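Data block below; observations after.
The values are calculated or read from the model by the stated rules, or taken from the named source; none is laboratory data. Predicted model, so just to flag it, every value in this text is computed and none were measured. No Cβ is skipped: glycine too gets one built from the backbone with ideal geometry, and neighbour counts run over all protein chains shown. SASA here: full protein model, heavy atoms, side chains in, ligands and nucleic acids out. Shrake-Rupley method; radii C 1.70, N 1.55, O 1.52, S 1.80 Å.
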Amino acid sequence: MKISYLQIAVLSLLLISCGNDNSNENSRSGFSGFSGRQATSVETSEVEIDAIADQVRSFGNVKAQNVISVLPQVSNRITEIYVDLGDTVRQGEALAKIYDATFRDQLSQAKSQLQQSQIALRRDSSEYIRQQSLMERDLTSESALDIAQAAYQSSRAQFESARSALTQAQEDFNNTVVRSPVNGVVTSRALEVGDLATNGTELFQVASTNGYESRIYLPVQDWRAVKIGQEVSLRVSNESGVSAKGVVSRKSPQLDATTGLGEVVITLTSRGNSIYPGVLVENIINITTKDRAMVVPRSALVEQVETVINPETNTIDLERSYSVFVSRGDTVAERRELELGIEQGDRIEVLSGLLPSDKIIVTGQSGLDDGARIQVASGERFQTPQQRQLGNQEQNSASGERQNPLDNMSEAERAEAREKMQDMSREERMAYLRDLRQQQADSTSNEQ
C-alpha cells in the first residue's frame, strides 16, 4: 500500500491540532508538569521516638478486701439501731439492739435450774459417799449402794445439762446486742427499728478498712499475659489522670466455663480522694514497656483489606495490611508498608518500614497513591472557616487592628469585665468583646 506525501501532510496537521487541544485543555483545567496531575495538599509530622507500653485495660469496681455480713444470732423485734450508712465502727461496737425481755427471763430460769441441780448433786453425792462408807463396814446392802450411785450419776448429768443451758441462755441474751465483728465502715443496712430480725437474715454489711481491691475479668489472651506482681494504674472513668496505684495480687487458675473469662484481683497500694468502695475504675496493666520506639498516630495509617479464599475450609478470610505515606522532598508521596508492634491508645509502634528521619503524612493521605504529587501545607489549610475566622479575629485584636473595648472603661468596669471573662471559653470571650465594642459604638453614635 502506497501513501502519498499529501496524506502524510494531512495526518501530521491532525496530530499537531490534537496536541494543541490537549495542551490547552490541560492549561485551562489547572494541571501542570509532566505527570498531568494536580498536587494534593497534605500535612506532615515527624516520626516520634517515645516510650510505649503493651497494656491490658479493663473496668472493674473498687471494693473492700473483706466485706462482712452481720447476721443476728437471735430472732426478735429490733428496738434500737445505733449506726447508719457510712459510719465508721470498731470491732465489738454495738450496732443494734434486739428486744431482750424473753431472753432475760430464759437466763434467769437457767440460773435457777443450775442452782437446783447443784443442790441435788451435793445431796446425792453425800448419800453416795455415805453408802460407800457403810458398805465398807457391812452395814448396808449392795442394792442401797446401787440406788445411791444411780441417784448421784443422775444428779451429775442434770447439773451438766443445767450448766450448758445457762451458757446458751447467757449467749442468747448477749446476742440481743448486735456488734461489729471488725473495724470498718457500714456499707449496708437492711432493717429498720420495729422490723423482725431472724437468724440468717442480713442486718448490716461492714467493709473492713484494712485494704481495697478491684476485680476484673479478662479474655484468655489478656488473662494469659497478666502475671502476679505486675504494677497497675487505676483511673476513675471521669478523670484524666491516675487515681490509684495497685499490683496484681491474685489470679484465677481457670477460666469461667460460662463466659470464658479469667478473674484477676488487683490490690490497691495507694489511692487518691476519688477512690472509695463501689467506684468504677479502669485498670491499666503494663505488660511490656519499650522506652525508645518509633511511634506513629493511628490516624496516619492506611489500611488495605484483601479477601482470600481458604481452600481447606472453603471460607473467606480477610488479610489486613497497613502502610503510611512519607513525604519525599515535600513534593512526592511515597507509600511505605509497615510492620506494627505495640498498640497503646491512638499510638502504634512501628517495627519496620520507617526511618526516624522520615516525615509521615498525617492529614490528606486517604486519597493518595504511591508517587502522587503533594504540597505540604500548614495546619491552617485544614481548619474550618469558623476556626480561621476566629483566629483572624484574635490576631487582629492582638495586633491592634481593632481597639480593645476595655481601654474605654473605668478601672471598676474593667475589673468587672475581666471577672466575667475568667470562666468563658475563647469563643465566648470573643463574642463578649464584640458585644462590648458594639455597645460602645452605639453609645458614641447616640452622643453625636
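In the set Ile287, Ile309, which member is in contact with a helix residue (DSSP H, G or I) (Cβ under 6 Å, 6 or more places away or on another chain) and in a strand (DSSP E or B)?
Only one candidate qualifies: Ile287.
Confirm whether Ser58 is open to solvent by less than 70 Å² (accessible area, probe 1.4 Å), over 30 Å from Arg104 (Cβ atoms) and modelled with pLDDT under 50.
No.
Can you tell which of Ser249, Ser270, Ser274 is surrounded by 14 or more Cβ atoms within 10 Å (Cβ to Cβ) and assigned to a strand (DSSP E or B)?
Ser249
Please indicate, with yes or no, whether at least one residue in segment 208-217 is at pLDDT below 90 and surrounded by 19 or more Cβ atoms within 10 Å (Cβ to Cβ).
Looking for residues that are at pLDDT below 90 and surrounded by 19 or more Cβ atoms within 10 Å (Cβ to Cβ), one finds at least one in segment 208-217, hence yes.
Would you call Ala120 aliphatic (A, V, I, L, M) and more than 19 Å from Glu160 (Cβ to Cβ)?
No, not satisfied.
Mind checking which residues of segment 234-246 are within 15 Å of Ser214 (Cβ to Cβ), open to solvent by less than 60 Å² (accessible area, probe 1.4 Å) and modelled with pLDDT under 90?
The answer is Ser243, and nothing else.
Take the residues of segment 269-322 that are in contact with an Asp or Glu (Cβ under 7 Å, 6 or more places away or on another chain) and without any contact (Cβ under 8 Å) to a residue 24 or more places away in the chain: which is farthest from Glu339 (Cα to Cα)?
Ranking the candidates gives Asn310 first.
Within segment 343-374, count every residue that is out of contact with any helix residue (DSSP H, G or I) (no Cβ under 9 Å at 6 or more places or on another chain) and in a strand (DSSP E or B).
Within segment 343-374, residues that are out of contact with any helix residue (DSSP H, G or I) (no Cβ under 9 Å at 6 or more places or on another chain) and in a strand (DSSP E or B) number 8.
May I ask you to verify whether Glu231 is within 19 Å of the chain's Cα centre (by Cα), closer than 28 Å to Asp346 by Cα and loosely packed, with under 15 Cβ neighbours inside 10 Å?
Here the answer is yes, as Glu231 does meet what is asked.
Out of all the residues in segment 82-105, which are touching an Asp or Glu at 6+ places or on another chain (Cβ under 7 Å) and open to solvent by 30 Å² or more (accessible area, probe 1.4 Å)?
If the condition is that a residue be touching an Asp or Glu at 6+ places or on another chain (Cβ under 7 Å) and open to solvent by 30 Å² or more (accessible area, probe 1.4 Å), then Lys97 is the only one that fits.
Run Arg336 past the list (1) of a type outside the set (Asp, Glu); (2) farther than 10 Å from Val296 by Cβ; (3) open to solvent by less than 30 Å² (accessible area, probe 1.4 Å); (4) in a strand (DSSP E or B) and report the number of the one that doesn't hold.
The failed condition is (3).
From Glu213, Glu263, Glu231, Glu239, grab the single residue that is within 22 Å of Asn183 (Cβ to Cβ) and of a type in the set (Asp, Glu).
Glu213
Just wondering, is there one or more residues in segment 252-261 that are part of a loop (DSSP other than H, G, I, E, B) and crowded, with 19+ Cβ neighbours inside 10 Å?
Checked segment 252-261: no residue is part of a loop (DSSP other than H, G, I, E, B) and crowded, with 19+ Cβ neighbours inside 10 Å.
Looking at Glu202, is it part of a loop (DSSP other than H, G, I, E, B), open to solvent by less than 70 Å² (accessible area, probe 1.4 Å), of a type outside the set (A, V, I, L, M) and within 26 Å of Ile68 (Cβ to Cβ)?
yes
Among what's in segment 138-169 and is of a type in the set (Val, Ile, Thr) and in a helix (DSSP H, G or I), pick the residue that is surrounded by the most Cβ atoms within 10 Å (Cβ to Cβ).
Ranking the candidates gives Ile147 first.
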